[in-house]
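Each reported figure results from applying straightforward, stated rules to the coordinates on display, with no laboratory input. Because the structure is a prediction, the values reported are computed rather than measured. With ideal geometry, Cβ positions are generated from the backbone for all residues, glycine too; neighbour counts draw on all protein chains shown.
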């Protein structure tokens, strides 16, 4: 009986491990979109009350915090972009996403670094790729210029809102 229990437990562990997705690091994501010699300098941003309100209005989404971590990306003493880390709750667990902007105001990448919810609610890489190379003219709204995801509607809505907030933080607090 003891051997059967251990075998079942081991089988469950293996099946869960096989389903687990590994996520990239901040450095890997930035290196994939900016030159290899780009220097990342970590900073904290604390929004003023005025910035906080402006960001909420511009993003048309509820902003949860005034404190953010961002990376200034430099190359040969020149700023080439910014990467912003955001933590958002999808249903009951947090998701960590990094957004990268170049100095032409283009959203170069959006990458999930951690996803606490069930793996089946994770947006596909195809859906996530729709958030790349977006300009300030793009609305980034579900149902308008971003399709919904069957079975992952809350994840898509959360990421859409977070992307609009990240863009507003970049435009109001970082640029």
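Here are some notes:
- Taking each residue as 0.36 nm, the span from residue 33 to residue 105 lengthens on full extension beyond its C-alpha to C-alpha distance by 24.5 nm.
- Were the residues from residue 41 through residue 153 laid out at 0.36 nm apart, the gain over their Cα-Cα distance would be 36.9 nm.
- The mean sequence distance of close C-alpha pairs (under 8 Å, at least 6 residues apart), as a share of the length of the range 23-174, puts its relative contact order at 22 percent.
- If you plug the beta carbon distance of residue 49 and residue 87 into 1/(1 + (r/R0)^6) with R0 = 22 Å, you get a FRET efficiency near 0.60.
- Residue 132 paired with residue 120, simple spin-label distance in nm, labels 7 Å along Cα-to-beta-carbon: 2.8
- Its residue count N sets the reference 2.2 N^0.38 Å, and the alpha-carbon radius of gyration of the range 23-98 equals 1.26 times that reference.
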